[in-house]
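A.B. asks: One structure, as structure tokens, below. Some questions next.
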Amino acid sequence: MRTAYSVETVRAAERDLMARLPEGALMQRAAAGLAAACADLLGRVYGSRVVLLVGSGDNGGDALYAGARLARRGAGVTAVLLSPERAHAGGLGALRRAGGVVAGAGGAEELIGRADLVVDGIVGIGGKGGLRAEAVPLAEAAARGRAAVVAVDLPSGVDVDTGEVRGAAVRADLTVTFGTHKPGLLVDPAREYAGSVRLVDIGLELPAEAELEALQHADVAALLPMPVSESDKYRRGVVGIAAGSARYPGAAVLAVAGALRGGAGAVRYVGPAGDAVIARFPETLVSDQGPRRAGRVQAWVVGPGAGDDAGTVAEVLAADVPVLVDADGLRLADAGAVRGRGAPTLMTPHAGEAAALLGVAREEVEGARLAAVRELAGRYGATVLLKGSTTLVAGAGGGPVRVNPTGTPWLATAGSGDVLSGLAGSLLAAGLSAVDAGSVAAYLHGLAGRYAADGAPVGAHDVAGAIGGAWRDVCG
């Protein structure tokens, strides 16, 4: 599992490690990893032109020491000092001894334009807000130029703990981060600025509980429900789908499609789209008697395409089993009823729906996704899956937020969220916790979107059809 830790936690771990190491050893570890990553990106170091954008403090020191290593291998290295009086003295001396040169910010844009590689060492993990005015032209020149851009620990100008970008920031092709991932490297919008991320192990000892977690194939495989010899359809779980309306029958079909591929033994459908569901999936158990009379289920999914059917939403919320609330259900659900539930609740809004629930503008949610998902989980006492460019899952009781690494922009298509809801609901019925069901479903859904699209536009029904392939890939 990939984990990310806050600045405060990283700083504490660095202090503990530095107390046991010779002075400067930790920075040399970081600089060695940074220089190796830069060399890999360049391919041929000898004769290459490297520009270091150097701020004050240790972040600039990492860049300077890495630049010295590249200079000793024959690169032409120029350090642009944004605060010459506060540049890291040891790193600056090492660069000069290796044959590197120093320049002021005056002619930096021309240097950047001729460079093969630009190293962003402007601001470290302690920075807040966007770039300062004097650094903005340098970031813009790097964005215009042909050089690859490598960020030291994180792109300057992004918020390391929240993933927010409150002003101008450096856009990197590669971010070399030290000791552990940071939340801003995994959560949009900051993640978009980081490019590829390379983790350099510098020996930090970190707490067991992280700020963020990102599942990998092995983690998902360990959580997926697998039938055993004594399994039958009821032991494997039955998921109820209360979705669709006369206006939106397709939402019911797509939610059922996702549920049938999620590992539960059976799917019960309740709603006005029964004929459409049966025509597409004859294995579905269909009822028109409402959720209470539908028969035994281990979890419910309610809301996709529900229109204004508040009664069905209330009836499902009153059930003593896990419930997933999506789409129209989020608008129709009574907040007190959600908070008062004894069984787990999983809410799955996109940014617009989350904004409506929080009473803020959509832009606020999109700009501060981590804060939004935590706020919703705390306010509703529910696990919340916030869909989007980086899907986040926050547990009702706090703890690490899960971030999904498999998403693709091709999933931004009508009905894709209905498939995700059915898939997650099926995993709930099969016995996964709300956090695990949400994060495993997002992982499989993202993989299925990638496989179904294969570089071309894709429909939600194609995504549902590719879930089996994603499942086999994860477990293979």
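The values are calculated or read from the model by the stated rules, or taken from the named source; none is laboratory data. Predicted model, so just to flag it, every value in this text is computed and none were measured. Note that each Cβ is placed from the backbone with ideal geometry, even for glycine, and that neighbours are counted across all protein chains shown. Calculation scope for accessible area: heavy atoms of the full protein, side chains included, ligands and nucleic acids excluded. Shrake-Rupley method; radii C 1.70, N 1.55, O 1.52, S 1.80 Å.
A.B. asks: Which ³J(HN,Hα) values, rounded to whole Hz and listed in residue order, are derived for the stretch 402-407 from phi using the Karplus coefficients 6.51, -1.76 and 1.60 in 6.51 cos²θ - 1.76 cosθ + 1.60 with θ = phi - 60°, glycine and proline given as x?
C.D. replies: Going residue by residue, I get 8, 10, 8, x, 9, x Hz, with x marking Gly and Pro.
A.B. asks: For the chain, what is the calculated [θ] at 222 nm in deg cm²/dmol (nearest 500), taking -39500 (n - 2.57) for each run of four or more DSSP H residues and dividing by its residue count? Please report the intermediate quantities before stating the final value.
C.D. replies: On the way: 20 runs with 195 residues, N = 476.
Calculated mean residue ellipticity at 222 nm is -12000 deg cm²/dmol.
A.B. asks: A further question follows. On a full-extension model of 0.36 nm per residue, what is the gain between Ala36 and Ala356, subtracting their alpha-carbon distance, rounded to one decimal in nm?
C.D. replies: 110.5 nm is the gain from fully extending Ala36 to Ala356.
A.B. asks: Would you mind computing, in nm to one decimal, how far apart the modelled labels at Arg472 and Arg73 are, each placed 7 Å from Cα along Cα→Cβ?
C.D. replies: It is 4.2 nm.
A.B. asks: I would also like to ask the following. When the distances between all Cα atoms of the stretch 371-440 are binned every 5 Å from zero, what whole-number percent does each bin get?
C.D. replies: 3, 18, 26, 25, 19, 8, 1
A.B. asks: If I model a spin label at Glu134 and Glu363 as a point 7 Å from the Cα along the Cα→Cβ vector, what separation in nanometres do I get?
C.D. replies: 3.1
A.B. asks: Let me cross-check Ser83: its accessible surface, 1.4 Å probe, with only protein heavy atoms counted, in Å² to the nearest 10?
C.D. replies: 20
A.B. asks: Right, another one. Under the 0.36 nm per residue contour assumption, what length would be gained going from the current alpha-carbon distance of Ala25 and Arg293 to full extension?
C.D. replies: Extra length from Ala25 to Arg293 when fully extended: 89.7 nm.
A.B. asks: With everything on Cα atoms, drop me the angle between helix 249-260 and the longest principal axis of the chain, reported from 0 to 90° to the nearest 10.
C.D. replies: On a 0 to 90 degree scale, this one is about 80.
A.B. asks: Could you work out how far the C-alpha centroid of the stretch 343-419 sits from that of the stretch 3-27, in angstrom?
C.D. replies: Centre-to-centre distance over Cα atoms comes out at 32 Å.
A.B. asks: Any idea what the relative contact order of the chain is, in percent, if you count C-alpha pairs under 8 Å spaced at least 6 apart?
C.D. replies: 12
A.B. asks: Next question, about the same structure. Give the cross-link partners of Lys387 among the lysines, using a straight C-alpha distance below 27 Å as the criterion and excluding same-chain residues fewer than 8 apart.
C.D. replies: Cross-link targets: Lys128, Lys182.
A.B. asks: Report the normalised scattering of the chain as log10 I(q)/I(0) at q = 0.09 Å⁻¹, calculated by the Debye formula with identical scatterers on the alpha carbons.
C.D. replies: Those come out to -0.65, one per q.
A.B. asks: With a cut-off of 8 Å between alpha carbons and a minimum separation of six or more residues, what is the relative contact order of the stretch 92-191 in percent?
C.D. replies: Reported as a whole number, the value is 26 percent.
A.B. asks: Now for a separate question. Residue by residue, what Karplus-based ³J(HN,Hα) values in Hz, rounded to whole numbers, does the stretch 150-158 have, using 6.51, -1.76 and 1.60 with θ = phi - 60° and x for Gly and Pro?
C.D. replies: After applying 6.51 cos²θ - 1.76 cosθ + 1.60, I find 10, 8, 8, 6, 6, x, 5, x, 9 Hz.
A.B. asks: May I pose another question? State, to one decimal in nm², a quarter of the convex hull surface area for the C-alpha atoms of the stretch 185-279, i.e. the direction-averaged projected area. It would help to have the intermediate numbers written out before the result.
C.D. replies: Details: hull surface 44.4 nm².
Dividing the Cα hull surface by four gives the mean projection, 11.1 nm².
A.B. asks: Normalized C-alpha radius of gyration of the stretch 417-476, against 2.2 N^0.38 Å?
C.D. replies: With N residues counted in the stretch 417-476, Rg over 2.2 N^0.38 Å equals 1.08.
A.B. asks: Using a basic spin-label model with each label point 7 Å from the Cα along Cα→Cβ, how many nm lie between Leu199 and Arg331?
C.D. replies: A separation of 4.1 nm, rounded to one decimal place.
A.B. asks: Quote to one decimal, in nm, the extra length available between Ala12 and Tyr46 on full extension: 0.36 nm per residue of separation minus the C-alpha distance between them.
C.D. replies: Working: separation 34, 0.36 × 34 = 12.24 nm, distance 3.81 nm.
Taking Ala12 through Tyr46 to full extension adds about 8.4 nm, to one decimal.
A.B. asks: Could you work out the longest stretch of the chain that avoids the GluC sites (Glu not before Pro) located in DSSP loops with at most 12 other Cβ atoms within 10 Å?
C.D. replies: With a cap of 12 other Cβ atoms within 10 Å, the longest stretch comes to 284-476.
A.B. asks: Quick one: net charge of Pro344's neighbours, Cβ under 14 Å, K/R +1, D/E -1?
C.D. replies: Numbers: positive: Arg339, Arg341; negative: Asp320, Asp436.
That sum, taken over residues with Cβ under 14 Å, equals 0.
A.B. asks: How large is the Rg to Rh ratio of the stretch 125-199 when both quantities use alpha carbon positions and Rh follows Kirkwood? If you can, show how the numbers build up before the last one.
C.D. replies: Working: Rg = 11.1 Å, Rh = 11.9 Å.
Taking Rh as the inverse mean 1/r over Cα pairs, Rg/Rh reads 0.93.
A.B. asks: Sequence gap at least 6, Cα distance under 8 Å: using those rules, report the relative contact order of the stretch 266-410 to the nearest whole percent.
C.D. replies: 14
A.B. asks: Here's a follow-up. Please identify the chymotrypsin sites (Phe, Trp or Tyr not before Pro) of the stretch 1-83 that satisfy two criteria: DSSP loop assignment and at most 10 other Cβ atoms within 10 Å. Which are they?
C.D. replies: Tyr46
A.B. asks: Follow-up question, since we're still on this one. Once both axes come from the Cα atoms, what is the angle between helix 25-42 and the longest principal axis of the chain, in degrees from 0 to 90, rounded to 10?
C.D. replies: 80
A.B. asks: Does anything in the stretch 302-334 have its amide N under 12 Å from the 7 Å Cα→Cβ label point of Asp232, and if so which residues?
C.D. replies: Under cut-off, by backbone N: nothing.
A.B. asks: Taking every pair of Cα atoms in the stretch 238-294, average 1/r, invert it to obtain the Kirkwood radius, and report Rg/Rh to two decimals.
C.D. replies: Reported Rg/Rh (Cα atoms, Kirkwood Rh): 0.92.
A.B. asks: Among Cys38, Cys475, what's the order by accessible area (1.4 angstrom probe), most exposed first?
C.D. replies: Sorted by accessible area, descending: Cys475, Cys38.
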